[in-house]
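Read the structure below first, then the notes.
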Amino acid sequence: MAVDDLGDYDSDLPDDLDLTPRPRDAEKRGSRLIPSLVIAAVLGVVAFVLFQGLSGATLFVRTADTAVEQRDELSGRTFRLTGSPIAVSDDEFEFNNNTAVRFSIACDGTAVDVIHIGNVAESFQLGVPVVLEGQWSDGSNLDVTWERGANDGFYFESDRMLVEHDNEYREDRVEQAASCGDESPDAPESAQGS
């Protein structure tokens, strides 16, 4: 076909034929967007549930003596602390806008001072191993002295307590805490005369 023939070819097309591209139908675009958002939301919920489950499963347990040895490494991290109460104050007090109690636990001659916020287990008593969930805090600004405690400028701030007789207390934790619990807990020598 020659260049001159193009003019004849164009004349065969109808004048009202519009060949401009049309935008996609808005309904079709919306119908694909909704399932995509639902799938993204479901995946987000699944990821959140997995993260919560795995973060709870990664909490580790340290005996009082090991937690004191590893205090720098554990600073700012939530973990579980186990030991036997060696001194318990019956006085509840206001701490960070919550009701709290203070006591000391010990294991293998090392004491840890504790401020526990929240409910105290019914079976909590001297000599019965306890597992506390929380983290180390700097106690240098507190004007508190623990009877038979470490009084070393640090305390363990907990918000969850499990006692050997609680249903939630796992059998492997009982074995791990066994060396820390008896009728006369292994208190540090510096605290025994107090």
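The values are calculated or read from the model by the stated rules, or taken from the named source; none is laboratory data. Bear in mind the structure is a predicted one, so any value in this text is a computation, not a measurement. Backbone-built Cβ (ideal geometry, glycine too); neighbour counts: all protein chains shown.
Only one residue in Ala41, Ala106 is modelled with pLDDT of 75 or more, in the same structural domain as Asp152 (by TED's automatic domain parsing) and among the aliphatic types (A, V, I, L, M), so which one is that?
Answer to the check: Ala106.
Let's see how each residue does on (1) modelled with pLDDT of 90 or more; (2) under 19 Å from the mean Cα position of the chain (by Cα):
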{"residue": "Asn119", "(1), (2)": "no, yes"}
{"residue": "Glu133", "(1), (2)": "yes, yes"}
{"residue": "Val144", "(1), (2)": "no, no"}
{"residue": "Met161", "(1), (2)": "yes, yes"}
{"residue": "Asn167", "(1), (2)": "no, no"}
{"residue": "Gln192", "(1), (2)": "no, no"}
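With respect to Val114, determine if the residue is at pLDDT 90 or above and surrounded by 14 or more Cβ atoms within 10 Å (Cβ to Cβ).
Against the criterion (at pLDDT 90 or above and surrounded by 14 or more Cβ atoms within 10 Å (Cβ to Cβ)), Val114 qualifies.
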